[in-house]
Amino acid sequence: MANSPAAMTAPPMSAAAIALNRFGLGARADEAPPANPKNWLLAQFDAYQPMPAAWAAQPTSLAIAADLEDERQQAMANPVFITLLPTHQTPSFLSVPGTITTAPPPNISSVG
């Protein structure tokens, strides 16, 4: 009888146990079971912080991209930087989408 379906079913879980385990984290040792499990579970959505406090002061990806573009524009406008570049090549990090950044093919007529 130990292998019968009736013996293999799990005991029913309490509403508090279901609520405490709903998000897969389980109950915390220092937290008492909630008096109203359903309301406690729904309150978790209100307490959720999509941007943790430690990250809130950090710049967004759009701000970082804008800063990089500004630095790129400044580098391209700097005559010293431009003279250091080979005339046939632009570094890939400075390339403009849709432009060719590789060296031109060799002049075949001069090969002989």
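Read through the list (1) modelled with pLDDT under 85; (2) in a helix (DSSP H, G or I); (3) not assigned by TED's automatic domain parsing to the domain that holds ALA16, then give the number of the only condition that GLY98 fails.
The single condition GLY98 does not satisfy is (2).
Listed here are the residues, each with its yes/no results for (1) part of a helix (DSSP H, G or I); (2) loosely packed, with under 10 Cβ neighbours inside 10 Å; (3) charged (D, E, K, R); (4) modelled with pLDDT of 60 or more.
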position	(1), (2), (3), (4)
ARG28	no, yes, yes, yes
PRO34	no, no, no, yes
TRP40	yes, no, no, yes
ASP46	yes, yes, yes, yes
GLN49	no, yes, no, yes
GLN58	no, no, no, yes
VAL80	yes, yes, no, yes
HIS88	no, yes, no, no
GLY112	no, yes, no, no
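The values are calculated or read from the model by the stated rules, or taken from the named source; none is laboratory data. Remember, it's a predicted structure, so these values are computed and weren't measured experimentally. Virtual Cβ from ideal backbone geometry, glycine too; neighbours counted across all protein chains shown.
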